[in-house]
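Asker: Here it is: the structure, laid out below.
The values are calculated or read from the model by the stated rules, or taken from the named source; none is laboratory data. Note that the structure is predicted; figures quoted are calculated from it, not measured. Backbone-built Cβ (ideal geometry, glycine too); neighbour counts: all protein chains shown. Only protein heavy atoms, including side chains, enter the accessible area calculation; ligands, DNA and RNA are left aside. Shrake-Rupley method; radii C 1.70, N 1.55, O 1.52, S 1.80 Å.
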Amino acid sequence: KKKKNIYIYIYKIKNLYRCVLKLKAGRLKMNVIDHVRDLAAAGLHSNVRIISSLLLTMSTNNPELFSPSQKYQLLVYHADAIFHDKEYRNAACKYNMALQQKKVISKTSKVRPSSTGCTTSALQAQNLPSEIEVKYKIAECYTILKLDKDAISVLEGIPSRQRTPKINMMLANLYRKAGQERSAVTSYKEVLRQCPLALDAIIGLLSLSVKGAEVASMTMDVIQSIPNLDWLAVWIKAHAFIHGGDNQRAINTICSLEKKSLLRDNVDLLVTLADVYFRAGDTKNSILKFEQAQMLDPYLIKGMDVYGYLMAREGHLEDVEVLGGRLFNISDQHAEPWVISGCHSFYSKRYSRALYLGAKAIQLNSNSVQALLLKGVALRNMGRVQEAIIHFREAMRLAPCRLDCYEGLIDCYLASNGIREAMGMANNIYKTLGANAQTLTILATVCLEDPMTQEKAKTLLDKALAQRPDFIKAVVKKAELLNREQKYEEGIALLRNTLTNQSDCVLHRMLGDFLVAVNDYQEAMDQYSIALSLDPNDQKSLEGMQKMEKEESPTDATVELDGDDMEGSGEEGDLEGSDSEAAQWADQEQWFGMQ
């Protein structure tokens, strides 16, 4: 028996040696497929596309010219070249043809073992492109073409044990986008099981309400085994706070990370910190951190849409225009530069153009929350409230902890007299995210719309200001309420107190309005001037100043009125130009399928 086993073992070694010799012989004698493979490996995609197209036509005219496995390889290389040229629908078609050809190989390659003990299929399989990789490429094409259901179907056809981390990551993102949260969590966890440092998968899990402690436990082994990775647990904790809506604790945690010498001046951390400051309503610190990140990385794109929006909202339209142009030079294939240009148009009151630019940004990145908000506010200001509501709801789904998404939706409800819906939404935010200055102000804003809930609004605003005396939105709403009640002295005191620590166009303008009400015209003029210096496009400050000038000099007012009449004809011409521009952008919208 021992001798018999030895002979079998020797026989197997001989067969294996013969297989190796055959493989070596095949390599020495290169065929045309080997040359195509070398072209593809060298990245010469345009060359691959031409030669593979010619060879496939030869194969069609003479089916005996190439074996099934060679034709499969040609189809895959041809599809890869087309994919590289960004012809994704054509590439998906060719990849599917390759998969059909692979089925032919499976049927015809069941050859009996030869005397050498090697099958032809075993020899050929050494060089065949992976079927799983081909399916991943098909799913990638479908994702780019926004055929998410087809992409999911293709990836689900790959057995679970054969799914690589990148397949699970794509599946997780697609499941999340489709609202299949449980399946998304499973796929993200599988990515982390295979790659414990997949930080985007960690963010995905936290965004789906998986507990931070559970996510941290999945990375604990790698944290303990690799030196200088102790910061990762704190990083996970910070992102858990972000996705839980606890902005203040998130800020404190990220600041503690940023102060560490090894992570100081990290651009990603600074952008995250700037974004959390923005969510917390701290515009000043948010802009500061964005500028710091931009100085460290002049080619930074991530987060610049939020930075551009804040700058536009603060009235720095020239800077916004420069920022948008600079980002277009870096890349026009990202949503951010389009959003920035859209914000510039929106705050310049060119709503049709803002709508077009927002739609273009969404085409480039359907998950861009800032693009959805831009398009939503443009639609709302154009009177298309129901369409705006759809965009705000999608933004809410993508970023459930961003209060500006809810504020946009509430504004739409109030614009369409849906006070009950607005109140329901505000109460839901208040209960979900807790009683902080922002949620209290949102609820108070809705209460101010109903004469029966004015006292409740006052109480809510007092609570908000007790938590954050410098929160501008709460100050503005409280000042509006005091103006209604004609409590001008209280309003002046509130605004003066807030302006001691910060300077804001709206606050200066409102203070000017209150001073006019108490006949303090000189200081009111000063306040309007400060407001216009902060935002030269603030129409209300300009109107307030012009109104005061007319009241102070009635003689000059008559002359000015005549001048206004003459200017009116010019303004009418401008308006006509504006309408023609709106019509032009409306045509663009129709072209892009937005109407």
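Asker: Would you tally the residues in segment 304-318 being within 21 Å of ASP265 (Cα to Cα) and without any contact (Cβ under 8 Å) to a residue 24 or more places away in the chain?
Answerer: Here the count works out to 0.
Asker: In this structure, does ALA422 turn out to be over 24 Å from VAL506 (Cα atoms), touching a helix residue (DSSP H, G or I) at 6+ places or on another chain (Cβ under 6 Å) and open to solvent by less than 10 Å² (accessible area, probe 1.4 Å)? Write out each step before concluding.
Answerer: Working: over 24 Å from VAL506 (Cα atoms): yes; touching a helix residue (DSSP H, G or I) at 6+ places or on another chain (Cβ under 6 Å): yes; open to solvent by less than 10 Å² (accessible area, probe 1.4 Å): yes.
The answer is yes for ALA422.
Asker: Criterion first (assigned to a helix (DSSP H, G or I) and either of a type in the set (D, E, K, R) or touching a residue at least 60 places away in the same chain (Cβ under 8 Å) (or both)) does LYS284 satisfy it? Outline the logic, then answer.
Answerer: Values: assigned to a helix (DSSP H, G or I): yes; either of a type in the set (D, E, K, R) or touching a residue at least 60 places away in the same chain (Cβ under 8 Å) (or both): yes.
So LYS284 passes the test.
Asker: Can you name the number of the only condition in (1) surrounded by fewer than 19 Cβ atoms within 10 Å (Cβ to Cβ); (2) in a helix (DSSP H, G or I); (3) in contact with a helix residue (DSSP H, G or I) (Cβ under 8 Å, 6 or more places away or on another chain) that LEU409 fails?
Answerer: (1)
Asker: State which residue is surrounded by the most Cβ atoms within 10 Å (Cβ to Cβ) when the search covers only segment 293-303 and only residues that are touching a residue at least 24 places away in the same chain (Cβ under 8 Å) and not in a loop (DSSP other than H, G, I, E, B).
Answerer: Looking only at segment 293-303, we keep the residues that are touching a residue at least 24 places away in the same chain (Cβ under 8 Å), and these are 293, 296-297, 299-303.
If we keep only those that are not in a loop (DSSP other than H, G, I, E, B) too, we end up with 293, 296.
Numbers: ALA293: 24, LEU296: 12.
So the residue we want is ALA293.
Asker: Right, another one. Are any residues in segment 474-504 touching a Gly at 6+ places or on another chain (Cβ under 7 Å) and not polar (S, T, N, Q), and if so, which ones?
Answerer: Narrowing segment 474-504 to residues touching a Gly at 6+ places or on another chain (Cβ under 7 Å): 479, 482-483.
Result: ALA479, LEU482.
Asker: If you go through segment 133-153, how many residues are under 14 Å from TYR88 (Cβ atoms) and either under 23 Å from the mean Cα position of the chain (by Cα) or not hydrophobic (A, V, I, L, M, F, W, C) (or both)?
Answerer: Just the residues of segment 133-153 that are under 14 Å from TYR88 (Cβ atoms), to begin with: 136-148, 150-151.
Of the ones still in play, those that are also either under 23 Å from the mean Cα position of the chain (by Cα) or not hydrophobic (A, V, I, L, M, F, W, C) (or both) are 136-137, 139-148, 150-151.
Selection size over segment 133-153: 14.
Asker: Kindly evaluate PHE290 against the criterion of being touching a Phe, Trp or Tyr at 6+ places or on another chain (Cβ under 7 Å), closer than 27 Å to GLN467 by Cβ and either of a type in the set (Phe, Trp, Tyr) or modelled with pLDDT of 95 or more (or both). If you could, list the steps in order and put the result at the bottom.
Answerer: On the way: touching a Phe, Trp or Tyr at 6+ places or on another chain (Cβ under 7 Å): yes; closer than 27 Å to GLN467 by Cβ: yes; either of a type in the set (Phe, Trp, Tyr) or modelled with pLDDT of 95 or more (or both): yes.
Taking the combined requirement at face value, the residue satisfies it.
Asker: Would you please name the residue that is farthest from ASP85 (Cα to Cα), looking only at residues in segment 103-149 that are basic (Lys, Arg) and at pLDDT 90 or above? Give the steps one after another, and end with the answer.
Answerer: Filtering segment 103-149 for residues basic (Lys, Arg) gives 103, 107, 110, 112, 135, 137, 146, 149.
Filter again for at pLDDT 90 or above, leaving 135, 137, 146, 149.
Working: LYS135: 19, LYS137: 14, LYS146: 18, LYS149: 24 Å.
Among those residues, the one meeting the criterion is LYS149.
Asker: Right, here's the next one. Here is a list of conditions, (1) more than 25 Å from CYS401 (Cβ to Cβ); (2) touching a His at 6+ places or on another chain (Cβ under 7 Å); (3) surrounded by 22 or more Cβ atoms within 10 Å (Cβ to Cβ), and GLU321 meets all of them except one; can you say which number that is?
Answerer: Checking GLU321 against (1) more than 25 Å from CYS401 (Cβ to Cβ); (2) touching a His at 6+ places or on another chain (Cβ under 7 Å); (3) surrounded by 22 or more Cβ atoms within 10 Å (Cβ to Cβ), the one that fails is (3).
Asker: Scan GLU336, GLU387 and give me the residue that is among the acidic types (Asp, Glu) and touching a residue at least 24 places away in the same chain (Cβ under 8 Å). Give the derivation first.
Answerer: On the way: GLU387 fails: touching a residue at least 24 places away in the same chain (Cβ under 8 Å).
Within the list GLU336, GLU387, the selection yields GLU336.
Asker: While we're looking at this one, here's another question. Out of the residues in segment 143-153 that are touching a residue at least 12 places away in the same chain (Cβ under 8 Å) and in a helix (DSSP H, G or I), which is surrounded by the most Cβ atoms within 10 Å (Cβ to Cβ)? Before the answer, list the steps.
Answerer: From segment 143-153, those touching a residue at least 12 places away in the same chain (Cβ under 8 Å) are 143-146, 148-149, 151-152; that's our starting set.
Right, trim to in a helix (DSSP H, G or I) and you get 143-144, 148-149, 151-152.
Values: THR143: 20, ILE144: 15, ASP148: 17, LYS149: 10, ALA151: 25, ILE152: 21.
Across segment 143-153, the extreme among qualifying residues is ALA151.
Asker: Being over 18 Å from the mean Cα position of the chain (by Cα), part of a helix (DSSP H, G or I) and of a type in the set (Asp, Glu), is that true of even one residue in segment 304-316? Spell out the reasoning first.
Answerer: Taking segment 304-316 and keeping what is over 18 Å from the mean Cα position of the chain (by Cα), we get 311-316.
From what is left, the residues that are part of a helix (DSSP H, G or I) are 311-313.
Adding the requirement that they be of a type in the set (Asp, Glu) leaves none.
No, that holds for no residue.
Asker: Sticking with this one: Does segment 332-341 contain at least one residue that is closer than 21 Å to ASP404 by Cα, open to solvent by 10 Å² or more (accessible area, probe 1.4 Å) and not in a helix (DSSP H, G or I)?
Answerer: Residues of segment 332-341 that are closer than 21 Å to ASP404 by Cα, as a first pass: 335-341.
Restricting the remaining residues to those that are open to solvent by 10 Å² or more (accessible area, probe 1.4 Å) gives 336, 338, 341.
If we keep only those that are not in a helix (DSSP H, G or I) too, we end up with none.
Within segment 332-341, none of the residues are closer than 21 Å to ASP404 by Cα, open to solvent by 10 Å² or more (accessible area, probe 1.4 Å) and not in a helix (DSSP H, G or I).
Asker: Here is a further query. Considering only segment 445-500, state which residues are open to solvent by 80 Å² or more (accessible area, probe 1.4 Å), in contact with a Leu (Cβ under 8 Å, 6 or more places away or on another chain), touching a residue at least 12 places away in the same chain (Cβ under 8 Å) and not polar (S, T, N, Q).
Answerer: Answer for segment 445-500, where residues must be open to solvent by 80 Å² or more (accessible area, probe 1.4 Å), in contact with a Leu (Cβ under 8 Å, 6 or more places away or on another chain), touching a residue at least 12 places away in the same chain (Cβ under 8 Å) and not polar (S, T, N, Q): GLU449, LYS463, ARG496.
Asker: Can you tell me which residue among GLU156, GLU181, GLU140, GLU190 is touching a residue at least 24 places away in the same chain (Cβ under 8 Å), closer than 25 Å to VAL104 by Cβ and acidic (Asp, Glu)? First the steps, then the outcome.
Answerer: Numbers: GLU156 fails: touching a residue at least 24 places away in the same chain (Cβ under 8 Å); GLU181 fails: closer than 25 Å to VAL104 by Cβ; GLU190 fails: closer than 25 Å to VAL104 by Cβ.
GLU140 is the lone residue from the list that is touching a residue at least 24 places away in the same chain (Cβ under 8 Å), closer than 25 Å to VAL104 by Cβ and acidic (Asp, Glu).
Asker: Same structure, new question: Hey, any hits in segment 378-398 for a residue that's open to solvent by 10 Å² or more (accessible area, probe 1.4 Å), closer than 22 Å to LYS360 by Cα, of a type outside the set (Lys, Arg) and in a loop (DSSP other than H, G, I, E, B)?
Answerer: Within segment 378-398 (the criterion being open to solvent by 10 Å² or more (accessible area, probe 1.4 Å), closer than 22 Å to LYS360 by Cα, of a type outside the set (Lys, Arg) and in a loop (DSSP other than H, G, I, E, B)), the answer is yes, since at least one residue qualifies.
Asker: While we're on this one: Can you find, within segment 78-105, the residue that is surrounded by the fewest Cβ atoms within 10 Å (Cβ to Cβ) among those that are in contact (Cβ under 8 Å) with a residue 12 or more places away in the chain and among the acidic types (Asp, Glu)?
Answerer: Selected residue: ASP85.
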